[in-house]
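A.B. asks: What follows is a single structure, and I will ask about it in a moment.
The values are calculated or read from the model by the stated rules, or taken from the named source; none is laboratory data. Quick caveat, the model's predicted, so the values are computed rather than measured. Cβ atoms come from the backbone with ideal geometry, glycine included; neighbour counts cover every protein chain shown.
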Amino acid sequence: MKHLKVGGLMTDDVVSALPAMSFRDVAKLLAEHDITGLPVVDTDDHVIGVVSASDLLARRALTVRGVMSAPAVTVHAEEAAADAARLMARLGVERLPVVDEEERLVGIVTRRDLLRVFLRPDPEIRRRIRDEVLADAMDLPPDAIDVHVLDGVVTLAGRLRRRSQASMLRRLAERVEGVVAVVDRLSVPGEVRTTRPLPSGTSAPRAG
């Protein structure tokens, strides 16, 4: 399966700060470049933290070292952009420094950059799941499973031979760029799907 990489979305002309830089100088950098945050690096370009406008407002210190958030969460250029987007959403951050194999800063990717990953038409997502997941990755006929996509939410319905196949299909579908969520309605021989029990004290609806 082909995945859009972080390196294809990142900005490689990165504005960064040193830990000894003054509070005022960092504020000027943010204003001059019209950005809301930047990575903090040591003298070897290793990312040691991130400083944002909110950090400057929330904390008072003479240097960047006293206000930066550390350790920094980073991603590698070869990582899937969709994975980076999910990481960013889970952590609630606006940007991720991009590093090379030696953890040196090579770029930065923002929430706005990664939103492009999810701007995929539903028919394209469906085609990729059928062709790249079912046919290529799992060696199944493209129409072996019903794939329905609406606003990036994928519903998988049908019957497979093993539960391990169903689990793999769900995981691979989740990694397709543009997929927001996957609804699993897959079944396997001999498996009985049970309904979720009602909360204590709740009665089932009466017929008629």
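A.B. asks: List every residue pair whose Cβ atoms lie under 9 Å apart, where the two residues are 6 or more positions apart in sequence or sit on different chains, the first residue falls within the range 64-90 and is among the hydroxyl-bearing types (Ser, Thr, Tyr), and the second residue, located anywhere, is assigned to a loop (DSSP other than H, G, I, E, B).
C.D. replies: 69/93; 74/103
A.B. asks: Here is a follow-up. Can you go through 90, 60 and tell me which one is part of a helix (DSSP H, G or I) and assigned by TED's automatic domain parsing to the domain that holds residue 10?
C.D. replies: 90
A.B. asks: Follow-up question, since we're still on this one. All but one of (1) surrounded by 13 or more Cβ atoms within 10 Å (Cβ to Cβ); (2) over 30 Å from residue 131 (Cα atoms); (3) not acidic (Asp, Glu) hold for residue 10; which doesn't?
C.D. replies: Residue 10 satisfies all of (1) surrounded by 13 or more Cβ atoms within 10 Å (Cβ to Cβ); (2) over 30 Å from residue 131 (Cα atoms); (3) not acidic (Asp, Glu) except (2).
This table checks each residue for (1) within 25 Å of residue 145 (Cβ to Cβ); (2) of a type in the set (A, V, I, L, M).
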site	(1), (2)
53	no, yes
60	no, no
71	no, no
78	no, no
94	no, no
98	no, yes
104	no, no
117	yes, yes
121	yes, no
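A.B. asks: Let me ask another. At pLDDT 90 or above and assigned to a helix (DSSP H, G or I) - does that describe any residue in the range 141-157?
C.D. replies: No, the range 141-157 contains no residue that is at pLDDT 90 or above and assigned to a helix (DSSP H, G or I).
A.B. asks: Which numbered condition trips up residue 30, out of (1) more than 25 Å from residue 89 (Cβ to Cβ); (2) in a helix (DSSP H, G or I); (3) of a type in the set (A, V, I, L, M, F, W, C)?
C.D. replies: Exception for residue 30: condition (1).
A.B. asks: Say we look at the range 39-72 and pick out the residues that are of a type in the set (Ser, Thr, Tyr) and within 23 Å of the chain's Cα centre (by Cα); which of these is surrounded by the fewest Cβ atoms within 10 Å (Cβ to Cβ)?
C.D. replies: Among those residues, the one meeting the criterion is 54.
A.B. asks: I'm trying to understand the selection: among the residues of the range 73-102, which are of a type in the set (Lys, Arg) and surrounded by 12 or more Cβ atoms within 10 Å (Cβ to Cβ)?
C.D. replies: Restricting attention to the range 73-102, the residues satisfying the condition of being of a type in the set (Lys, Arg) are 86, 90, 95.
86, 95, listed by residue number.
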